[in-house]
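Everything below concerns the one structure shown next.
The values are calculated or read from the model by the stated rules, or taken from the named source; none is laboratory data. None of the values given here were measured: they were computed from a predicted structure. Neighbour counts are summed over all protein chains in view; Cβ atoms, including those assigned to glycine, are modelled from backbone coordinates with ideal geometry. Please note that ligands, DNA and RNA were not included when accessible areas were found on the heavy atoms of the full protein model with its side chains. Shrake-Rupley method; radii C 1.70, N 1.55, O 1.52, S 1.80 Å.
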Amino acid sequence: MLGFPVEEIARRPAITHVVIGKVTGVERHPNADRLFVCTIDAGDATPLTIATAATNVGAGQTVPVARIGARLPHLTIERRTMRGVVSE
C-alpha cells in the first residue's frame, strides 16, 4: 500500500493433520542404536508410538505431531515398521 517493490510472492505449502502432542516417554529402540521410541499424547484415547532419530527429544516436551495421513511438502505420513517397532 506504500508502494514498496515486491520481488517475489512465496506460497506456503499445504500441510494437513499436524497437531501438538506431549512426549510422555522416551526409550532407546531395542533393535537400533541411533533410534528412540517415543510415547506421545496427541489428545486421542490411546497414546501414539513414534520412532525417531531425533536426539533432542525428551519426556515432558510439547512437539508437533504429524498424524497418519498428514500431508507435508513432498511427503505423506504413513504407519511404518522401523526395525521391528511400529511407528505411527
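Observations on the structure shown:
- Checking the range 27-38 against the condition returns no match, with no residue being out of contact with any Lys or Arg (no Cβ under 9 Å at 6 or more places or on another chain) and of a type in the set (V, I, T).
- Hits in the range 1-37 - residues which are under 16 Å from G58 (Cβ atoms) and of a type in the set (S, T, Y): T24
- First in the range 10-34 and free of Cβ contacts under 8 Å to residues at least 40 places away in the same chain, second anywhere and open to solvent by 100 Å² or more (accessible area, probe 1.4 Å) and among the hydroxyl-bearing types (S, T, Y), Cβ under 9 Å, 6 or more apart: R34/T55
- A count restricted to the range 35-67 and to residues that are out of contact with any Leu (no Cβ under 9 Å at 6 or more places or on another chain) and without any contact (Cβ under 8 Å) to a residue 40 or more places away in the chain stands at 16.
- Members of the range 69-86 that are closer than 30 Å to R12 by Cβ and touching a residue at least 40 places away in the same chain (Cβ under 8 Å): G69, A70, R71, L72, P73, I77, M82
- Those strands (runs of 3 or more DSSP E) lying entirely in the chain with at least 2 residues of a type in the set (A, V, I, L, M, F, W, C) and open to solvent by less than 100 Å² (accessible area, probe 1.4 Å): 18-28, 36-41, 48-52, 62-66, 85-87
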